[in-house]
Structures are given as C-alpha cells and as structure tokens.
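J.: Before anything else, here's the structure in question.
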Amino acid sequence: HLGRVRDVYFDDRRFHERHLVAEIGHWPAHRLVLVSPWSVRRIDLPARVVQTDLGGDELTRSPDAECDRPVSRQRHVELARYYGFYGFPYQWPEATVATMSPPVRRRGDRHLRSARALVGYYVHADDDDVGHVADFLFGDAAWEIRHVVVALGHGIARRRVLVPAGWVSRVSWDAAAITLALPGRVVAAAPTYVPAEAPGPELEARLTRYYGPAPFGAA
C-alpha cells in the first residue's frame, strides 16, 4: 500500500481519462503524482483498492501532479500570480506561487479537467438549470467517463439521474457549470439512478433508448 487515489484528470472533448492523481507518502512529506490509468491491473470495488503494474520505486518516481495541471488549477495559479499569494490565497501554505516547483508550461491544456473539481458544478440544460454534478461513472476498458450523475433540484433528498457524457456540450470554470445539449424536461424525467444497480450493457442500452445517440465525444 503506497497511497490513495485522490482525483481523475480527463479531457473534456471526448471524456477520456488521462491521469489518476495519487497521494503517496505520509504527511508532511506526502505528494500528489500522476499515474497512467493504463497501468491499472485491477480495481477491487468491495475492498476499495486499485492495483497497478507499477513497482514501489516506479510509483514514487511518477511525475508530480503540478506537471500537468487541470483548468481549475491553472486558473487558480493565474489569479494568485496576479493578486499575489497573500492577497489571493489558494491553499499553498508551504510555498508562495513564486517558489512553486516544478514550473508548468506557460499555456496549459484548456481541456484538461479535474473530476473532483467538477463535483458541485451547476448543470445547465438548453432551457433551464436542472441541478448539480454529483459524481461520474467511468469505464475501465477504454478509460473514459461514461456518465455524469446529476442531482436534480435542491435540498438534501434530491433525486439523481445519469446523463451520458456525450451530451455535455461545454464545461465552464468561470460559470462553475457544465452545459447539456438536452432540454431540461428530458433530464428531469430521466430514470432514477440507483447506485446499487451495477452499470452494464443493459443500463447503457436503456439510457441510449431514453436519450438517443449522443452527439459529442463518448457515448
């Protein structure tokens, strides 16, 4: 046991997963590293364990998470540099922005997204706001995000539905929102998502029958 998975970075054009973000080591010497999802050998859901083909030394030598920042981190760094660390703090108590290392390239990938950062984003439909992002479901065969779990409405006991990721037309950091190419009434009337129901071909077929073929990226 070398650490824990803390996040998944993915491309918001085709919703392909690019990195698993793993926290290795122990506080205060712990660090976040990037791990290729293709190195994963097995996911044991009951035990909540991800087994990889990497040895301990290989994992500890993995690239630092700062080497490929998602949009949320890119924008935080840009704002902190503009306002100054103390005028615009963004939870880096160990160093100021000026001394952060390793440096990231001047222009980051504007399509690299953090799944963890997107949880809580507003969900906009064609004609209405329908809820918030509650979670994501991904497939470990092609390593792509398959569905967005949407919490409808407001309050604690909100109903949740699945929307295939291929219906997401836009992700906006500024608006803290994702936009769906669907009418709000279609999302609101979607079948209720039951977490205990194992995803599989039957669920995929049922969602395709309901929504129709997705127009973008992943199905």
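The values are calculated or read from the model by the stated rules, or taken from the named source; none is laboratory data. From a predicted model like this one, the values you see are computed outputs, not experimental measurements. Each accessible area value is taken on the protein alone, full model and side chains, heavy atoms only, with ligands, DNA and RNA left out. Shrake-Rupley method; radii C 1.70, N 1.55, O 1.52, S 1.80 Å.
J.: What residues have an amide H closer than 5 Å to that of Val8, excluding those fewer than 5 places away on the same chain, when H is modeled at 1.01 Å from N in the peptide plane?
T.: Distant-sequence amide H within range of Val8: Val21, Ala115, Arg116.
J.: What ³J(HN,Hα) values, in whole Hz, does the Karplus curve 6.51 cos²θ - 1.76 cosθ + 1.60 give for the stretch 199-213 when θ = phi - 60°, with x put for Gly and Pro?
T.: The phi angles translate into x, x, x, 5, 5, 4, 5, 5, 5, 5, 4, 6, 8, x, x Hz.
J.: I've got another one for you. Once amide H atoms are placed 1.01 Å from N in the peptide plane, what residues at a sequence separation of 5 or more from Ala125, or on another chain, have their amide H within under 5 Å of its amide H?
T.: Counting only residues 5 or more places away or on other chains, the set is Val130, Leu180.
J.: Taking θ = phi - 60°, what integer Hz values does the Karplus form 6.51 cos²θ - 1.76 cosθ + 1.60 yield along the stretch 126-142, in sequence order, with x for Gly and Pro?
T.: For the stretch 126-142, the Karplus-derived couplings read 4, 10, 6, 8, 10, x, 9, 6, 9, 5, 9, 10, 10, x, 9, 7, 9 Hz, x marking Gly and Pro.
J.: Determine the per residue accessible area of the stretch 139-219 with all protein chains present and a 1.4 angstrom probe, expressed in square angstrom.
T.: 51
J.: A further question on this structure: Under a 5 Å amide H to amide H cut-off, with H placed in plane at 1.01 Å, what residues pair with Arg159 once short-range neighbours are removed?
T.: Result for Arg159 returns Leu152.
J.: May I ask you to evaluate 6.51 cos²θ - 1.76 cosθ + 1.60, the Karplus curve with θ = phi - 60°, for each residue of the stretch 34-47 and list the ³J(HN,Hα) values in order in whole Hz, giving x for glycine and proline?
T.: For the stretch 34-47, the Karplus curve yields 9, 10, 5, x, 6, 8, 6, 8, 7, 10, 9, 5, x, 8 Hz.
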